[in-house]
1. Go through segment 88-125 and count every residue that is within 20 Å of Y144 (Cβ to Cβ) and open to solvent by 80 Å² or more (accessible area, probe 1.4 Å).
2. Cβ contacts < 8 Å: first residue without any contact (Cβ under 8 Å) to a residue 24 or more places away in the chain and surrounded by fewer than 19 Cβ atoms within 10 Å (Cβ to Cβ), restricted to segment 140-152; second residue in a helix (DSSP H, G or I) and among the aliphatic types (A, V, I, L, M), any location; separation 6+ or different chain. Result?
3. Kindly state which helices (runs of 4 or more DSSP H) lie completely within segment 25-123 and contain at least 2 residues that are β-branched (V, I, T) and farther than 30 Å from I180 by Cβ.
4. Out of segment 38-86, which residues are open to solvent by less than 50 Å² (accessible area, probe 1.4 Å), within 19 Å of I213 (Cβ to Cβ) and of a type in the set (S, T, Y)?
5. Report whether or not T161 is touching a residue at least 12 places away in the same chain (Cβ under 8 Å) and open to solvent by less than 50 Å² (accessible area, probe 1.4 Å).
6. Could you please find all residues in segment 172-205 being open to solvent by less than 60 Å² (accessible area, probe 1.4 Å), touching a residue at least 24 places away in the same chain (Cβ under 8 Å) and outside any helix (DSSP H, G or I)?
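The values are calculated or read from the model by the stated rules, or taken from the named source; none is laboratory data. Fair warning: this is a prediction, and the values are worked out from it, not measured in the lab. Note: ideal-geometry Cβ built from the backbone for every residue, glycine included; neighbour counts use all protein chains shown. When the accessible area is computed, the model is the full protein with side chains, heavy atoms only, and any ligands, DNA or RNA have been set aside. Shrake-Rupley method; radii C 1.70, N 1.55, O 1.52, S 1.80 Å.
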Amino acid sequence: MVFFLHDVPYADEDNNVEETEHPRQVAQASETPTYKTALWELLREETVVLLTVTFFTAFNKIGLETSVTPLVLMMFRWKEVETSIFFICCGLEVLACYVGLSYISKKFHDRTIILWGVMLSCLSQAWFMAVCTNTYNPGRLPFYLTGVAVHLLTFPVDAATASLFSKLTDPSIQGVAHGIRLAVVSTGTIMGPVWSGATLHMLHVMLGVIIAIGGLVVVMLLLSFRRLKEPQGQDEPRVADCVSVNADPDETTQLLPSSDA
């Protein structure tokens, strides 16, 4: 509610705007974004798809991270030292992936990075389903490490998702939009470990549900792929076109007038 109270004030009552008007017409008449226009923006197809991707990445990433320690204990009898070294190596790979993302993002659109990242994540889950067991089996260590290495390549997807979400969201409701996005991230962060911990003894069920959610996300991305692009010269007016928003601010302009003025 704090985001709504500060970023999306009520429309001016003096405009006498009817409730049956289009949300963007309300914004145009009131000269300020309203709850209705914010809801309209957040329920657009591309926004819903990106919020679904956000939930999946948080649910998948945190859930599998939770299952690592007990899983390697069962499969390889790793103790604290081995597990700590394993997490350090994973952190180094993730750091390298984010550095590589700074170069990849210059050659590919965010939507392409997101699509390939989610597909690669589903592939790694299927690999884990074929490799992981609940019994001691040290011979599968190379196969498990291969799956982990592939899965870690998908971690920068959340950065690409946040970037594209900012581009597709109206500037006048950025606080509201990102507040909801962080709420979705928190939901996935909570539900991921709960699901992994409850189904650790049923690896096929745990990984199967994650693959099913990932498959749904892939279908949504493919169906909405053409809309997941930064809007440029679109015919339909967005809320930003109806509200006085400085889209290209001058960084040299003082925010507060000087005392001499």
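1. 3
2. Pairs that qualify, where the first residue is without any contact (Cβ under 8 Å) to a residue 24 or more places away in the chain and surrounded by fewer than 19 Cβ atoms within 10 Å (Cβ to Cβ) and the partner is in a helix (DSSP H, G or I) and among the aliphatic types (A, V, I, L, M), are F143/V131.
3. Per the criteria, 45-76, 80-104.
4. Of everything in segment 38-86, those that are open to solvent by less than 50 Å² (accessible area, probe 1.4 Å), within 19 Å of I213 (Cβ to Cβ) and of a type in the set (S, T, Y) turn out to be T47, T52, T54, T57, S67.
5. In short, yes.
6. L200
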